[in-house]
Amino acid sequence: MSTLTRTVADTQVVAKRNLIKIVRVPEILVAVLISPIMFVLLFAYVFGGAIDPGEGVSYREFLIPGIFAQTVVFGATFTGAGIAEDMQKGIIDRFRSLPMSQSAVLAGRTLSDVVYNVLSLAIMALTGLVVGWRVRGSLLDAAAAFALLLVFAYAVSWIMALVGVLVPSVEVINNASFIVIMPLTFVSNAFVPLESFPSALRVFVEWNPVSTLTQACRELFGNTNPAAAASDAWSMQNPALYTLICVALILVVFAPLAIARYRQTSR
Amino acid sequence: MTTATITARGLVKRYGQVEALRGLDLEVPQGTVLALLGPNGAGKTTAVRILTTLLRPDGGSASVAGADVLHAPEEVRRRIGLSGQSAAVDENLTGAENLEMIGRLYGFRRRRAVDRARELLAGFDLADAGDRPAKTYSGGMHRRLDLACALVAEPPVVVLDEPTTGLDPRSRLQMWEVIQGLVRAGTTLLLTTQYLEEADRLADDIVVIDHGRAIAQGTADQLKAQVGGERIELVIADAADRPAARAALAAVAAGDEVHHGSTERSLSVAVREGARSLRVVLDRLEADGVAVLDVGLRRPTLDDVFLTLTGRTAEEEAEPAGGTASRDGRGRHAQERDAVPARPDVTPEVTR
């Protein structure tokens, strides 16, 4: 078997193992199902009236793509925590002592979390439809938006994979990722319009990939506000392209780093 | 039989200031069993982790089944099976799923992985539990599953890190039977243990390690000869019978003189023929009319080996070693023993 075929095969085996856990541990499944619903309802009803994204678009429509983006980014914490948990256990010694592709342990985790994200996106989309969100563009564009969300989430989970290898403690990961993910998701246009940020923060917001991901989704779902002034920043003008560039950069940097670190670390 | 299946030369491993291994040499010829015997913290697990490619040594070299641990770790992994003290199975997977996963990671096709899993479950008395998540397993079942995981690809070399530590006696016996089956099948085995009895029962050769270094090597019999083999411990009812009791013990002594216990009425001696010696002593005491309060045959433990080799017991790690440590140690030890005399009926397996 070539190295690549081997890696792909082993990655699938590890991913399957991780997915079995989601089924066997009901608490995880509940978290997967409940938290996306909670996020949608929370923002739609608690902040729904307080935040006005501008005329001509309902806040909920504006909001839902932002929640999609925020939730899949948060979901990456799951990757980090899963890897940290494995690193503390004897199972990692088992994997290391097998003649398997060593990158498959991390690749399998990031792959299984794609499935996790598919589930949570499906649930959020359904909840969104219930509270009034609509896809106003073509279904093909909508599919592209979901694909972009999944690809971006996949890239972020490699960042968290590195964190999981570096900080082998589930509690620390959960706290540490909050410090990074909260600003990334909240200092973006996911929940509030770009115009509401002070000018000092606006550049950050415009080039924050969570913003461009949200913007790309809004455009693809047809949830943009035609009345609101579009940003002049290149990233906001070409949000899907810019997001994909970010995805590529993250993967090129973090996947090799995480794998190299995994190889070096021993319990 | 001269091909060394596991060879280690001058292994050194440091953790900061602590030297876990200080130049360990090992040699396990093909088809034999080597036990690495030592207390907690002696460096056993570090040695195992280096030999199974989980850890890189700071110095020295090692090869397993012809593959160099440092330069061809992938080859080594192909030829070994590892079963550790912390059972490395996935708790959320069933026994069958654990084994199938490992088969797949060895590159088996699905069919073969499934068949092999069933075969191992049956062989390890886990067939009924095969479809239950491993988190529902008992300690003994966990260890058996863990060992089964190590054997999925039928590796020529198996490394077991304290396979029975923490198991109840029944599970331990069951585990020993499984391991003995492996040995009969010709597997080369390296096992670490804290129990002399385990090493004695399973290993051809024993290396005693302490502070990261081998301090003795030999067969179980050679080590026991060094320690003084099994001991008869006797408590008589009347101190006046002491000379007669002493003479009875001296007649079966393995060379060492008869030791006095903590009281006037207790004595002990190292013997060569175990149960037979015990019977000889009891017959003679009976004939001489000596009333026996308590008598037992005690096998030497890791403690005895340690006491003899280092002058301290395995537990007394930080004991400052004075010039008289050895004698003091023995005296104190004898007292502890007399407080809870070993009884013949609970002494584990007297003859091999």
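How many Cβ atoms of partner chains, on average, are near each residue of B:47-59 if near means within 10 Å of its Cβ?
Per-residue shielding by partner chains comes out at 2.
Given the alpha-carbon gyration tensor of region A:103-185, what are the semi-axes of its equivalent ellipsoid in whole angstrom, ordered largest first, with each equal to the square root of 5 times an eigenvalue?
The three semi-axes for region A:103-185 are 29, 16, 11 Å.
Test of understanding: in a Gaussian network model of chain A with alpha carbons linked when under 10 Å, which of A:W158, A:W234, A:W133 would top the mean-square fluctuation ranking?
Between A:W158, A:W234, A:W133, it is A:W234 that shows the largest mean-square fluctuation.
What's log10 of I(q)/I(0) for region B:165-292 at q = 0.16 Å⁻¹, Debye sum over Cα points only, no solvent?
Result of the Debye calculation: -0.89.
Name the residue farthest towards the positive end of the dipole of the protein assembly as shown from the options B:G84, B:L267, A:L201, assuming +1 on Cβ of Lys and Arg, -1 on Cβ of Asp and Glu, about the Cα centre.
Positive-most Cα among the choices belongs to A:L201.
Evaluate the charge dipole of the protein assembly as shown about its Cα centre and quote only its size in Debye, nearest 20, assuming +1 on the Cβ of each Lys and Arg and -1 on the Cβ of each Asp and Glu.
Magnitude of the dipole: close to 1420 debye.
Return one number: the angle in degrees, 0 to 90 and rounded to the nearest 10, between the long axis of the Cα atoms of helix A:59-88 and the longest principal axis of the Cα atoms of chain A.
On a 0 to 90 degree scale, this one is about 10.
Using Cα pairs under 8 angstrom and six or more residues apart, how large is the relative contact order of chain A, in percent?
28 percent
Length gain on complete extension for the stretch A:A248 to A:M38, per 0.36 nm per residue less the alpha carbon to alpha carbon distance?
Between A:A248 and A:M38, full extension yields 72.5 nm more.
Got a number for carbon plus sulfur as a percent of region A:53-113's accessible area, 1.4 Å probe?
Using a 1.4 Å probe with all protein chains present, region A:53-113 comes out at 54 percent carbon and sulfur.
Please turn the phi angles of region A:19-34 into ³J(HN,Hα) values with the Karplus equation 6.51 cos²θ - 1.76 cosθ + 1.60 (θ = phi - 60°), one per residue in order, whole Hz, x for glycine and proline.
Each residue of region A:19-34 in turn: 5, 4, 4, 4, 6, 7, 9, x, 4, 5, 4, 4, 4, 4, 7, 7 Hz.
With θ set to phi - 60°, apply the Karplus curve 6.51 cos²θ - 1.76 cosθ + 1.60 along region B:126-143 and write out the HN-Hα couplings as whole Hz, x wherever there is a Gly or Pro.
Computed from phi, the couplings for region B:126-143 are 10, 4, 6, 9, x, 9, 9, x, 4, 5, 8, 7, 7, x, x, 5, 4, 5 Hz.
Label 7 Å along Cα→Cβ of B:E27; region B:197-228 residues with amide nitrogen under 19 Å?
Residues passing the 19 Å test: B:203-209, B:213-223.
Work out the mean other chain Cβ neighbour count within 10 Å for the residues of B:90-103 and drop it here as an integer.
Mean shielding count: 4.
If you plug each phi of region B:112-118 into the Karplus form 6.51 cos²θ - 1.76 cosθ + 1.60 with θ = phi - 60°, what whole-Hz ³J(HN,Hα) values come out, in order, with x for Gly and Pro?
Along region B:112-118, the couplings run 5, 5, 5, 4, 5, 4, 4 Hz.
Compute the length gained on full extension between A:T5 and A:L29: take 0.36 nm times their separation in residues and subtract their Cα-Cα distance, giving the result in nm to one decimal.
Computed gain between A:T5 and A:L29 is 5.5 nm.
For a quick check: with amide H placed at 1.01 Å from N, whose amide H comes under 5 Å from B:D294's, ignoring anything fewer than 5 positions away on the same chain?
Long-range HN contacts for B:D294: B:V235.
FRET efficiency for A:L257 and A:L19, Cβ-Cβ distance as r, R0 = 22 Å, nearest 0.05?
That pair, A:L257 with A:L19, gives E of 0.30.
On a 1.4 Å probe surface of the protein chains, which of B:H260, B:H142, B:H71 comes out largest in accessible area, and what is the full order?
Result of the area sort, largest leading: B:H71, B:H260, B:H142.
One-quarter of the Cα convex hull surface for the protein assembly as shown, in nm²?
With every direction weighted equally, the projected area is 35.1 nm².
How large, in percent, is the carbon and sulfur part of the accessible surface of region B:4-218 at a probe radius of 1.4 Å?
Here carbon and sulfur together make up 47 percent of the probe-accessible area.
Can you list residues whose amide H is under 5 Å from B:D210's amide H, if they're 5+ apart or on another chain and H is modeled 1.01 Å from N?
When sequence neighbours closer than 5 places are left aside, the close amide H contacts are B:I215.
How far apart, in nm, are the 7 Å Cα→Cβ label points at A:R136 and B:R272?
Here the answer is 10.1 nm between the modelled labels.
What is the helix-to-structure angle for A:139-166, meaning the angle in degrees between its Cα long axis and the longest Cα principal axis of chain A, kept from 0 to 90 and rounded to the nearest 10?
Helix A:139-166 sits at roughly 50 degrees to that axis.
As a test of the formula, what do you get for the protein assembly as shown when each DSSP H run with n ≥ 4 contributes -39,500 (n - 2.57) and the sum is divided by the residue count, at 222 nm and rounded to the nearest 500 deg cm²/dmol?
-17000 deg cm²/dmol
Which whole number gives the average, over all residues in B:12-21, of C-beta atoms from other chains lying within 10 Å of the residue C-beta?
Rounded to a whole number, the mean comes out at 0.
What distance in nm lies between label points placed 7 Å from Cα along the C-beta direction at B:L70 and A:L119?
Distance between label points: 4.6 nm.
Could you do me a favour and compute the accessible area per residue for the protein assembly as shown, 1.4 Å probe, result in Å²?
I get 43 Å² per residue for the protein assembly as shown.
In Å² (nearest 100), what accessible area is buried between A and B, both sides summed, heavy protein atoms only, 1.4 Å probe?
2300 Å²
List every residue whose amide H lies under 5 Å from the amide H of B:V152, counting only residues 5 or more places away in sequence or on a different chain, with H placed 1.01 Å from N in the peptide plane.
none
Name the lysines eligible as straight-distance cross-link partners of B:K13: C-alpha to C-alpha under 28 Å, and not fewer than 8 places from it in the same chain.
Cross-link targets: A:K89, B:K44.
Which of the peptides B:73-80, B:166-173 is most tightly packed, and how do the rest follow, going by the mean number of other Cβ atoms within 10 Å of each residue?
Per-residue Cβ counts within 10 Å, averaged per peptide and sorted highest first, yield B:73-80, B:166-173.
Suppose the chain between B:I215 and B:T136 were pulled fully straight at 0.36 nm per residue; how much longer would it get relative to their current alpha carbon spacing?
24.3 nm
Taking the Cβ-Cβ separation of A:Q12 and B:R118 as r and a Förster radius of 25 Å, what is the calculated FRET efficiency to the nearest 0.05?
About 0.70, to the nearest 0.05.
The values are calculated or read from the model by the stated rules, or taken from the named source; none is laboratory data. Keep in mind it's a predicted model, so treat the numbers as computed, not measured. Positions of Cβ are backbone-derived with ideal geometry, glycine not excepted, and every protein chain shown enters the neighbour counts. Only protein heavy atoms, including side chains, enter the accessible area calculation; ligands, DNA and RNA are left aside. Shrake-Rupley method; radii C 1.70, N 1.55, O 1.52, S 1.80 Å.
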